[in-house]
Amino acid sequence: MTEQPPAVAAPYDILFEPVKIGPFTTKNRFYQVPHCNGMGYRDPSAQAAMRKIKAEGGWSVVCTEQVEIHATSDIAPFIELRIWDDQDLPALKRIADAIHEGGGLAGIELAHNGMNAPNQLSRETPLGPGHLPVAPDTIAPVQARAMTKQDIADLRRWHRNAVRRSIEAGYDIVYVYGAHGYSGVHHFLSRRYNQRTDEYGGSLLNRMRLLRELLEDTLEECAGRAAVACRITVEEEIAGGITREDIEGVLRELGELPDLWDFAMGSWEGDSVTSRFGPEGRQEEFVAGLKKLTTKPVVGVGRFTSPDAMVRQIKAGILDLIGAARPSIADPFLPNKIRDGRLNLIRECIGCNICVSGDLTMSPIRCTQNPSMGEEWRRGWHPERIRAKGSDSQVLVVGAGPAGLEAARALGVRGYDVALIEARRELGGRVRQESRLPGLSAWGRVQEYREAAIAELPNVEVFRESPMTAADIIEFGFQHVLVATGATWRTDGVARFHTTPLPIAEGAQVLGPDDLFAGRLPEGKTVLVYDDDHYYLGGVVAELLAQQGYEVSIVTSQSQVSAWTNNTFEVNRIQRRLIENGVTRITDHAVTRVGVGGVEVTDVYAGAVREIDCDAVVMVTARLPREELYLELEGLRAQGELRSVRGIGDAWAPATIAAAVWSGRRAAEEFDAELPSNDEVPFRREVTQLA
């Protein structure tokens, strides 16, 4: 007898209706669209395990990232999958098989990156509609060559070869990719890049000719063995780019060719706007109404985390399938939790884009909400399951910030009795503090999810307003302690540019983020923010102070404020937001002395020095771990008074919120485990086989 799935709560039953995509039928409307992950061809087993867990969690379709079809589509240094030749098939087959084992349909996004491929590894000549520099994500001193008719014929043959190999590898849905500015199809469609005067340029009909040919080739090659999907830009959001009028024309001409349309924006940055700069469902204004132009199912994204918002997309006739990349990363089991009525236990995506940074830094994907992301194969972590406890030990967790909350939650799931102690009334630590800053309210979900999960664990007790000393811990008889006491922002200027304290005049007004969190604002009218952290906080602090009515300048040694947010697709929006708020940006400079009523700044290249007047300085620089309790307890452990002590999160080494959550999960995973020597690599690796 076939096992029947649990009944779905009436408000959301529409989300669990099947949808026909070519020769296949989905089990529900949840669709993990293609997304990169920083693992690609280097870590195929790790990617297979990650995709399999999403299928387990209820995603009816699970796709790869973009898969390079040829050596002329090499986007090194970024690490994506490849289907250059048959050598790539075992890795691709492993991923498809894993998705099938998890219960999902497997999709593969075939991509010829055209002018987005500088071919730095292959050293082949980039190809595009015209003689133009490679674009849009690199300023490499390389130009694409205008494709000849023979080049176009070659591209069509390469794509056919990739389709054939995809079917051989076991994929159910094969993509023709034309979105995000990452595809030759996109470049041919866009007047920004296509100024040809032959049958592939000029009119929209001509500019879509390559897309038509690739779709027809793919349909012919699939011959009903696989469904054909087309991921297409609906709005390029740039002068001279693809417009609504263009996409409507494409759908009127080609709308019935593929088995599925996947609507996307004209850049990855536009598709994955952070919660700081875009709400859930941002893409609706660009997608609404397009479904009427085709009888084929359509999928789109919007960082959907609310099941009610998902239902509205379907009932309003905007989408047929709820697409997701980031929400499927934050909670691979989101569909099953909606199905089972466990909405309070959904790890909602906070839209921080730390997942994106994995791809942009060529490192395995990570997630603030889901610390198991990227660790499914390497460390054997699962988002919903964790091995049972190995003893009857009781554990004390000191500090209920992101690391302490996650450690207490995971230990509780394992079955340990846990006491979570927090000195303040409110839980959340830095997450709660930072979620009150402009644009960061969604970050509070990190704390909210863990509070909800802990509330369902009878073996985890939470004690608020309970500051605890080492003597208290010994007196209460705790034998195992995790110290998650966080970190303190420095106000002496020490960070990257200066590794020793700045000269600061007596009487100078110097504050740090902790002062602002506590409600202490600068005195006076003019404030200078010194950003030597380079992640989001410097820009957010400047924005906050400007909104409070201060005249604000921000000084950074980098060429942009919050420069590292280039890896989270925010750096351009942050500059614009600062300009809109009247903040003066002083880049390529470092603060070198703080006086009363002003600072000295130095050009980091030429060494020129100048003075800037200000009433107060806010340092966003480095942090110091609050490690005093840990060090005291470690001394007591060495004397035999405690069995184990471990520092976690910022109390061990200040980093991102994602790193703190990951640290809490690792501590819970490793508690009571027999760990190998630290001479050994602590996770599995996939080592390249020598030719």
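The values are calculated or read from the model by the stated rules, or taken from the named source; none is laboratory data. What you see is a predicted model; the values in this text were computed from it and never measured. Neighbour counts are summed over all protein chains in view; Cβ atoms, including those assigned to glycine, are modelled from backbone coordinates with ideal geometry. Surface accessibility is based on the protein's heavy atoms, side chains included, excluding ligands, DNA and RNA. Shrake-Rupley method; radii C 1.70, N 1.55, O 1.52, S 1.80 Å.
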(Q) Go through the stretch 642-671 and report how many residues are in a loop (DSSP other than H, G, I, E, B) and either at pLDDT below 95 or within 23 Å of the chain's Cα centre (by Cα) (or both). (A) 5
Q) Among the residues of the stretch 119-142, which ones are out of contact with any Gly (no Cβ under 9 Å at 6 or more places or on another chain), of a type outside the set (Lys, Arg) and open to solvent by 60 Å² or more (accessible area, probe 1.4 Å)? A) Gln120, Leu121, Glu124, Thr125, His131, Pro133, Ile139, Pro141
(Q) I need the full set of residues from the stretch 496-513 which are open to solvent by less than 20 Å² (accessible area, probe 1.4 Å) and part of a loop (DSSP other than H, G, I, E, B), in order please. (A) Leu502, Gly512
Q: Determine whether Ala239 is within 30 Å of Asn567 (Cα to Cα), of a type outside the set (D, E, K, R), more than 21 Å from the chain's Cα centre (by Cα) and in the same structural domain as Thr25 (by the TED database).
A: yes
(Q) For the condition closer than 24 Å to Thr218 by Cβ and more than 28 Å from the chain's Cα centre (by Cα), what is the one hit in Thr148, Thr125, Thr64? (A) Thr148
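Considering only the stretch 182-229, state which residues are outside any helix (DSSP H, G or I) and among the charged types (D, E, K, R).
Step one: of the stretch 182-229, the residues outside any helix (DSSP H, G or I) are 182-183, 190-203, 208, 223-229.
Across the stretch 182-229, the qualifying residues are Arg191, Arg192, Arg196, Asp198, Glu199, Arg225.
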**Q.** Filter result (aliphatic (A, V, I, L, M) and under 30 Å from Leu537 (Cα atoms)) within the stretch 652-691
**A.** Ala653, Ala655, Ile657, Ala658, Ala659, Ala660, Val661, Ala667, Ala668
(Q) Quick check on the stretch 453-471: of everything there that is surrounded by 15 or more Cβ atoms within 10 Å (Cβ to Cβ) and part of a helix (DSSP H, G or I), which residue is farthest from the chain's Cα centre (by Cα)? (A) Ala470
(Q) If Leu516 meets every condition in (1) more than 21 Å from Arg593 (Cα to Cα); (2) in a loop (DSSP other than H, G, I, E, B); (3) hydrophobic (A, V, I, L, M, F, W, C) apart from one, which number is that one? (A) (2)
Q. Residues of the stretch 259-290 being surrounded by fewer than 21 Cβ atoms within 10 Å (Cβ to Cβ) and basic (Lys, Arg), which ones?
A. Arg282
Q. Residues in the stretch 413-424: is at least one open to solvent by less than 20 Å² (accessible area, probe 1.4 Å) and closer than 18 Å to Gln369 by Cβ?
A. no
Q. Looking at this structure, is Ala408 in a helix (DSSP H, G or I), buried (at least 22 other Cβ atoms within 10 Å of the Cβ) and at negative phi?
A. yes
Q) For the stretch 527-641, which strands (runs of 3 or more DSSP E) that fit wholly inside it have 3 or more residues that are among the hydrophobic types (A, V, I, L, M, F, W, C)? A) 551-556, 589-595, 616-620
Q.
Among the listed residues Arg207, Arg196, Arg191, identify the single one that is among the charged types (D, E, K, R), open to solvent by less than 20 Å² (accessible area, probe 1.4 Å), assigned by the TED database to the domain that holds Gln283 and under 16 Å from Met115 (Cα atoms).
A. Arg207
Q: Pull up the stretch 524-562, narrow it to residues that are of a type in the set (Gly, Ala, Ser) and surrounded by fewer than 20 Cβ atoms within 10 Å (Cβ to Cβ), then point me to the one that is nearest to Ile504 (Cα to Cα).
A: Gly524
Q | Meets criteria (surrounded by 19 or more Cβ atoms within 10 Å (Cβ to Cβ) and either in the same structural domain as Ile173 (by the TED database) or touching a His at 6+ places or on another chain (Cβ under 9 Å) (or both)) for Ser60 | A | yes
Q. Is there a residue being open to solvent by less than 20 Å² (accessible area, probe 1.4 Å) and assigned to a loop (DSSP other than H, G, I, E, B) anywhere in the stretch 246-254?
A. no
